[in-house]
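Participant: The structure under discussion is supplied below as structure tokens; questions concerning it will follow.
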Amino acid sequence: MSVIDTLNKLLGDPNERELKKLWPLVRSVRAMAESDAIQKLQLDDLPKKTKEFQARITEGATTDDLLIEAFATVIRACELIRGTSTTLGKQTFTWDMVPFDVQILGGIVLHQGNIAEMKTGEGKTLVCTMPVYLNALTGKGVHVVTVNDYLAKRDALWMGMLYQALGLSVGTVLHEKTTPERREAYASDVTYGTNNEFGFDYLRDNMAISVHNQVQRPLYYSIVDEVDSILVDEARTPLIISQPAEESTEKYMRYSQLVKQLTENVHYNKDEKQRVATLTEEGIAKMEELLGVENIYTDKGFEEVHHIEQALRAHAIYERDVDYVVRDGEIIIVDEFTGRLMPGRRYGHGLHQAIEAQEGVPIQRESKTLATITFQNYFRLYEKLAGMTGTAKTEEEEFESIYRLRTIVIPTNQPMVRNDKADSIYRTVEAKFKAVAKIAGEKHETGQPVLVGTTSIEKSEVLALLLEQEKIPHQVLNAKNHEREADIVAQAGQAGAVTIATNMAGRGTDIKLGEGVVDLGGLCILGTERHEARRIDNQLRGRSGRQGDPGESQFFVSMEDDLMRLFGGDRLKSMMERLHVPDDVPLENKMVSRSIESAQKKVEGRNFDTRRHVVQYDDVMNKHREIIYTRRQKILQRLQESEESAQDSEEGALHADVLQALRGEANMMVDAHAAQEDSEEWNITEIREILSALHPQVAKAADERLSGFQDNEKLRAFLQELLVSFYESKCLQFDVQIVAQAERVVTLRSIDTNWMSHIDEMAHLREQVAFSGFAQRDPLIEYKDQGFRKFRQLIATIDAEIVRMLLQIDFAQFAPRAFLQQAQEDLEGTQTNVNEIEAELAQTGVGNAVKQGANPVIMRDPKQTGAPRAITTQAPRAVSKVGRNDPCPCGSGKSTKSATDEKSSSFVVNNIFLLSICSILSSSCSKFLRSSATTLSLSSWHKTEKPEMLFTRTFSPVQDT
Ligand code: ADP
Ligand code: MG
């Protein structure tokens, strides 16, 4: 007995204790719902009741205060709308639900910001309406997160009947919706949508150039349906918005040629420390001449100027065989700290391409990351978070430590009577699949419906082929069309139905049993493989036995399965061979099933560590993101306010900030080059150079006086005044509106482009620190330290760029409208990695640990395989004769016939053999965990990166194991 179990014995099961606290509240809700005050409410009264609650909240009541009455009102509304119906495609929803007590209980758990574990078919769709209603009364907007667009649409429509009766507005954020439609959806009391849509909208909002282009309100409360899929499975791939790869690489070549004609200190200045080169006014003029344009900033746009400067950097700063080497037509970076070659790594933001152009090697296109966030960090932005699923308990610790979500297991409405059988274990994959097909055929003949779960589309197809050969009619689902599949899955409980599905197919649709199926034993689930996470297995099992229905489930395992091979499957396989176990004779034993489960548990723990690791790293970035996004949002709001109170004579909302940045720039110069008491030690030449890089005329204006200072505070005041007055006099030449527009565009652009570079740099830093792990330093601490430094640098760079751009850009030719329009169009041309995230979920069948060793199922034509080998009698003592209808001596209670071929002899499982299986499983399990943690570590998280980067991954150790 584990320590936890002993403690539970002493203190009582914590889950039971929690439920005990909540039951009285459930009874109060029920009593209230049955009270005259609530019972007398008619349909017309419901919206009034809602208004009354809203008024009480305005007067200071909390949602907790209103819980009993609000929940009771929802229950009453359910009673009142009974019999009304609505349609979605071919489906008709007729309202026939009034919450059960356990559903009220689940609703309370959700309201309290926890996870309600409620089995499939317990009616979670309805459960969440109670806390949704209660919390929507605050007017802050409640989000319900579903795993796909179809479910968002379905639930919004279906539960919409209820919300509408109560007087709440409902919206959906679906993939195809436009910006105004999204804004409207988010303005609703309740918003349904997928995690992807919510997350990407958040990122897009933080790239918007005006509050008018934003769609979300502050994130208040979200209930995540199928919370494990979204917060565990999908959390391995972060959300990424990127700009498609540039179509042409020609311009890199062109700029690379042109910058060779520029001269240092005439056309550009170098800053060796920051490793940048900036064009002087003369340099800009020269480039304009070479390119034949009047003004590169307006004619070519910021992006192009950026590319020119990168070409200049490549030319003037980066040195072959010092910073990089050229090998096999590729530029390979030399790590500046270790001197190590870093194949596969690339400099960000066009610099790598610029170097490639300069060296005359093929230029590789790449897409640019504009914004990214992990689901973990997106969902932690909500003031309150809750989740529901049939399978959370196994991942309880993860929810608790990452999201502060506790998992409360809600009892089922009816007792669960499904029969979960022991695993059936075969020597080969082939034999296993044939057995599954055979059993499915047998069940089909009796009329009992069968749902076969596979871990991948390919495996589904293999099985479909087998069933076809046996002429067994069946349906195959692979999570491609959610709506159509929902229809098919809904039919999977009809007599004689055989359905093959991958894990994700038809999720969220419960399987109701057809007529007479209860007497046939209910739905039979056949799992064709054990997943590395028990949770995924439980999801499949949970499809059967809903609301007290009968049902059965069994998993089929072979020694060649990925999971088994990791845990000594090969040894077991040869042992089975030595014992002459025929291919088609399975082992079935609870003890083996339990060992498999404990192996799964260990892998789960390891995968959790990996995800926690991902979060720890992302937390560093998260702080940076928070600061940048907050700053950006404040700017947008200020712009908005000044727009609303627009008076032509007033200066722009950002003008004061710009002046502040100018003063900051002056401070930097003094702090860096004139900090000493003794003015002899100052580096006035350097200051002069910086000034002339800012604008040659500034340097000119300063010239005589610059060397005359003794006191650096006086110098500071002088420089501040110099920059500010220079800028102010420039502004005076233009319309206030134009200045305001210039300040707006330059500020936002500087924040955005530098923030994007920072994202890239932090990604590179992550790889770098993976190396430092070998130098006995904690990579995470290293990452935090260097990340902090990079972030400070980022802030400084942003301000410096704002200052430089504003001093240099010619406002007269500034086309503000065009800029804004361009900025918005740029945003619309972006792409997301939504497909990759969805693939992650569809692939939960084979998690990341086993993926690496995975081999495809290769099946021979079943007809060509010979009859099973007979068991030889000289097999060990353990083998004795057992009649085929006798119960199997392994203790499963199953007749040996059911899974064996008529002609083959029976096989008795020897206890010693079993014990050795279990011990091999558990010993190789711990060995596996020790040895392979390294290579299997950050695998999936890194999937978004270029494949060349794989190399760093393979020797980045998991630090916390
Ligand atoms: P889950 O999401 O928990 O798997 P669903 O919300 O899809 O379950 O509901 C499963 C089925 O149970 C639906 O067909 C629904 O109509 C039905 N159901 C849920 N709650 C009730 C109820 N209180 N009374 C009657 N039927 C209900
Ligand atoms: Mg559901």
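Read-outs: derived from the displayed coordinates by stated rules, not from any lab. For clarity, every value in this text was computed on a predicted model and none was experimentally measured. Note that each Cβ is placed from the backbone with ideal geometry, even for glycine, and that neighbours are counted across all protein chains shown.
Participant: So who's got an amide H within less than 5 Å of the one on L88, skipping anything under 5 residues away but keeping other chains? H placed 1.01 Å off N, in plane.
Facilitator: F93
Participant: What does the charge count around L719 come to, taking other residues whose C-beta lies under 9 Å from its C-beta (Lys +1, Arg +1, Asp -1, Glu -1)?
Facilitator: Summing Lys/Arg as +1 and Asp/Glu as -1 gives 0.
Participant: Which cross-chain or sequence-distant (5 or more) residues have an amide H under 5 Å from the amide H of I525, H modelled 1.01 Å from N in plane?
Facilitator: Residues meeting the criterion, in which the H sits 1.01 Å from N, are L451, E552, S553, Q554.
Participant: Still on this model: Do any GluC sites (Glu not before Pro) in the range 373-405 lie in a DSSP loop with no more than 14 other beta carbon atoms within 10 Å, and if so, which?
Facilitator: Listed in order of number, the matching sites are E383.
Participant: I would also like to ask the following. Need one number: nm distance between label points at E79 and A672, each 7 Å from Cα along Cα→Cβ, rounded to one decimal.
Facilitator: The answer from the label model is 7.4 nm.
Participant: In whole Hz, what ³J(HN,Hα) sequence does the range 60-68 give by Karplus (6.51, -1.76, 1.60; θ = phi - 60°), x for Gly and Pro?
Facilitator: Per-residue couplings from phi come out as x, 5, 9, 5, 4, 4, 8, 3, 4 Hz.
Participant: For a quick check: with amide H placed at 1.01 Å from N, whose amide H comes under 5 Å from H531's, ignoring anything fewer than 5 positions away on the same chain?
Facilitator: The list, which skips near neighbours in sequence, is D537.
Participant: With a Förster radius of 41 Å, plug the Cβ-Cβ distance of D65 and Q633 into 1/(1 + (r/R0)^6) and report the FRET value to the nearest 0.05.
Facilitator: 0.80
Participant: Right, something else. Using the Cα centre of the range 619-737 as the reference point, and only Cβ charges (+1 on K/R, -1 on D/E), how large is the resulting charge dipole? Debye, rounded to the nearest 20.
Facilitator: The dipole magnitude comes to about 360 debye.
Participant: Further question: Gain in length, K90 to H212, computed as 0.36 nm per residue apart minus the alpha-carbon separation, to one decimal in nm?
Facilitator: Answer, rounded to one decimal: 40.1 nm.
Participant: Suppose we take every Cα in the range 405-467 and form the convex hull; what volume per residue is that in Å³?
Facilitator: 168 Å³
Participant: Follow-up. FRET efficiency for Q831 and F734, Cβ-Cβ distance as r, R0 = 35 Å, nearest 0.05?
Facilitator: 0.40
Participant: By how many nm would the segment from K601 to Q697 grow when fully extended, if each residue of separation counts as 0.36 nm and the alpha-carbon distance is taken off?
Facilitator: Taking K601 through Q697 to full extension adds about 27.6 nm, to one decimal.
Participant: Then there is this: Based on other C-beta atoms within 10 Å, arrange H482, H111 from fewest to most. Could you put the intermediate results ahead of the total?
Facilitator: Working: H482 20, H111 25.
By the 10 Å Cβ count, ascending, the order reads H482, H111.
Participant: Output wanted: per-residue J couplings in Hz (rounded whole) for the range 588-602, from phi through Karplus 6.51 cos²θ - 1.76 cosθ + 1.60, θ = phi - 60°, x for Gly and Pro.
Facilitator: 9, 7, 4, 5, 5, 4, 5, 5, 4, 5, 6, 5, 4, 4, 5
Participant: What list of ³J(HN,Hα) values in whole Hz, one per residue of the range 194-209 in order, does the Karplus curve 6.51 cos²θ - 1.76 cosθ + 1.60 (θ = phi - 60°) give from phi, with Gly and Pro shown as x?
Facilitator: 8, 4, 5, 4, 4, x, 5, 4, 4, 5, 5, 4, 7, 10, 5, 9
Participant: Please report S544, S574, S679, S595 as a ranked list, fewest other C-beta atoms within 10 angstrom at the top and most at the bottom.
Facilitator: S574, S679, S595, S544
Participant: Provide the gained length on full extension for the span T685 to E400, in nm with one decimal, where the gain is 0.36 nm per separating residue minus the Cα-Cα distance. Numbers along the way, then the final one.
Facilitator: Values: separation 285, 0.36 × 285 = 102.60 nm, distance 5.80 nm.
Full extension from T685 to E400 adds 96.8 nm.
Participant: Between V518 and R705, with labels modelled 7 Å along Cα→Cβ, what's the label distance in nm to one decimal, could you check?
Facilitator: 9.5 nm
Participant: Would you order F709, F93 from fewest to most other beta-carbon atoms within 10 Å of each residue's own beta-carbon?
Facilitator: Sorted ascending by nearby Cβ count, the order is F93, F709.
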